[in-house]
Every structure is written in C-alpha cells, then in structure tokens.
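Down below is the structure, laid out as structure tokens.
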Amino acid sequence: MDLLNLFLHHTKLSMNDIIRLSGVPKSSAHRMIGSLVDMGFLTKDQDGLYSLGLLFLQFGNLVSERLDIRHVAAADMLRLRDSIGEAVHLAVRDGDFSMYIEKLDTDHPVRLFTKIGRKAPLYAGASSRTLLAFMPEPERERYLSDVVLEKIGDGTIVSETELREALDVSRKAGYSFSRSELENYTAELSAPIFDHAGRMAAGLSIAGPEVRFGEDRLPELIRTVKQAAYDISLKLGYAGPPISP
C-alpha cells in the first residue's frame, strides 16, 4: 500500500524512484512491484517507468457507479419510506454477497435494526435474491453450483431446487419476498433497479417486522416498491418496460 500511495503524487516512477521515495529495501521493492504488475495494479512502459494500471479505472468506475446510485435513488427512497412507513434499503452485489449501501429508517416504535455495510449471502433474503435472480445467467449458474446453502433464520431456503424455483418466480414477477430468512419474525420485499444498458444495478427493498407484511397488505406494497424501483431505473437511463407479474 505504501508503494501504491506513491502514485497519488507521481504519474510515473522508475524502480530507483520507488526505492528512494518509499525507503523499502531494494530486494523487497523489486518483489512487491513485480507482484503489483502481475496483478494489474501497476503497469510498466517501454522506458521501464511504472504507473497505475487500468485495473484502478475499473474499480474506480464500479465505486463511482454504486455511489451515484445512492444520490439518484435518494428522493424515491424517501417517498417510499414516507408512503409505507417501513425501512427502505438500497443493496448492491459485492462478490457472492449483497451489501446495503443506503438505508432510511422509519420512526415506527417497532422496527428492524439494519445498517449500511451489512452483508448477506446472495441466496438469503429478498434483497440478496433479487440481485441473484437478475445477474447474468452464467454468473448465477456458477454461484449456484458452488454455494453451500446454510440455515440462517427459520425461513432460509436451504434446498437448491427451492432456491431455483424462487429465483424463477422473482425474474417473472419482478420482485422478491422473504420471511424470517436472515432474522426471525422479519420480512423483506425487494425489486430490481436497472441501468441504461438494462443491467441490474441494485436492489430496492423495504423491511420490517413480519406482522406488518400480511397478505392483505402485500399487493399494495409490491406495487409501490416495484414502481419506486422502476422510477429509479428510468433516472439511470433504463429504457425497458416495467416487469409485470
């Protein structure tokens, strides 16, 4: 990390520059620089000068896109929270996990405790399952072939057949719903957000105590969450139609 930090202030550096500026022993510097080049974090030009690799551009774009979603979604998340009175979350995929990158709490005296940065496996919970359902099929199949399904809450899906059926329902209906999958006596309802290229960008969800997600209330909650997710998608440049049950 000390070696990479040198490039925050220098566009290109020779090996001797890196050794001099970092104070790292020559043999160690050669070894670490070689590893950074192999991994794509640094690149070496024909003059033997090192600079940051294009991998940083890829990572930077990913971070930028994810953070931009928070700003784009903010107004719709606020309206959703105020209209239904439940906590609202924005989740993105982080490898084989989902992660909340934004949340709006409700002032209801009985509420679900969650926090930004919370992770969950892609098979458990409505937000996670939305991300899994709408990811590219080859990536989804790779995940399903490798994952070990473990029980987290009373409602966690631990059967591959049942999980595949739930994912198929999510893709067709345009939303995911879970009960007691990550925490007992809780429920979550999630819909996908798409970007300008029609790719899944994030999952928008509401969550709270299971008793407030009764069958009589679900149809309206589903409609409201799906509409909010679609509105955010349009702001991201999505030009496709809404997903209907």
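Using a Förster radius of 35 Å, what is the FRET efficiency between Asn5 and Lys119 based on their Cβ-Cβ separation? Nearest 0.05, please. The computed FRET efficiency comes out at 0.80. Only Cα sites of the chain enter the Debye sum here, all with the same form factor; the resulting log10 I(q)/I(0) across q = 0.14, 0.18 1/Å is -0.88, -1.23, listed in q order.
Counted residue by residue at 0.36 nm each, then reduced by the alpha carbon distance between them, the extension gain from His196 to Arg70 reaches 43.8 nm. Only Cα pairs under 8 Å and 6+ residues apart enter the sum, and on that basis the relative contact order of segment 153-239 stands at 27 percent. Taking only alpha carbon atoms, segment 1-129 gives an Rg to Rh ratio of 1.20, where Rh is the Kirkwood radius.
Helical runs (DSSP H, four residues minimum) scored at -39500 (n - 2.57) apiece and divided by the length of the chain put the mean residue ellipticity at 222 nm at -14000 deg cm²/dmol. Excluding ligands, DNA and RNA, the accessible surface per residue across segment 169-239 is 43 Å² with a 1.4 Å probe. Candidate cross-link partners of Lys235 among the lysines, defined by an alpha-carbon separation under 30 Å and a same-chain spacing of 8 or more, comprise Lys103, Lys115, Lys119, Lys172, Lys226.
The mean sequence distance of close C-alpha pairs (under 8 Å, at least 6 residues apart), as a share of the length of the chain, puts its relative contact order at 16 percent. Here is the size of segment 1-77 from its Cα atoms: Rg then Dmax, 16.4, 55 Å. Modelled spin labels at Arg223 and Leu21, positioned 7 Å past Cα toward Cβ, are 6.0 nm from each other. Principal-axis analysis of the Cα atoms of the chain puts helix 218-235 at an angle of about 30° to the longest axis.
Here segment 71-212 has an Rg and Dmax of 14.3, 43 Å, counting Cα atoms alone. In the context of the full set of protein chains, residues of segment 1-137 present 55 Å² of accessible surface per residue (probe radius 1.4 Å, heavy atoms only). Largest GNM mean-square fluctuation among Leu131, Leu182, Leu49, using the chain with Cα springs under 10 Å: Leu49.
Hey, if you drop one equal point scatterer on each alpha-carbon of segment 156-219 and run the Debye formula without solvent, what base-10 log of I(q)/I(0) do you get at q = 0.14, 0.25, 0.28 Å⁻¹? Debye output, listed in q order: -0.47, -1.17, -1.24.
Extents of segment 132-245, largest first, come to 38, 36, 19 Å (Cα atoms, principal axes, whole angstrom). With a simple spin-label model that places each label point 7 Å from the Cα along the Cα-to-Cβ direction, the separation between Gln46 and Val148 comes to 5.2 nm. Each peptide among 206-213, 75-82 gets the average number of other Cβ atoms lying within 10 Å of its residues, and from highest to lowest they stand as 206-213, 75-82. Here segment 166-215 has 54 percent of its accessible surface on carbon and sulfur atoms, given a 1.4 Å probe and all protein chains in place.
The value of relative contact order for segment 20-133, using C-alpha pairs under 8 Å at least six residues apart, is 14 percent. Straight-line reach from Lys44: taking Cα to Cα under 17 Å and skipping same-chain neighbours fewer than 8 places apart, the lysines in range are Lys12.
The values are calculated or read from the model by the stated rules, or taken from the named source; none is laboratory data. Keep in mind that this is a model prediction, so the values were computed, not measured. Cβ sites come from the backbone with ideal geometry, for glycine too, and all protein chains shown count toward neighbours. All accessible areas refer to the heavy atoms of the entire protein, side chains included, with ligands and DNA or RNA removed. Shrake-Rupley method; radii C 1.70, N 1.55, O 1.52, S 1.80 Å.
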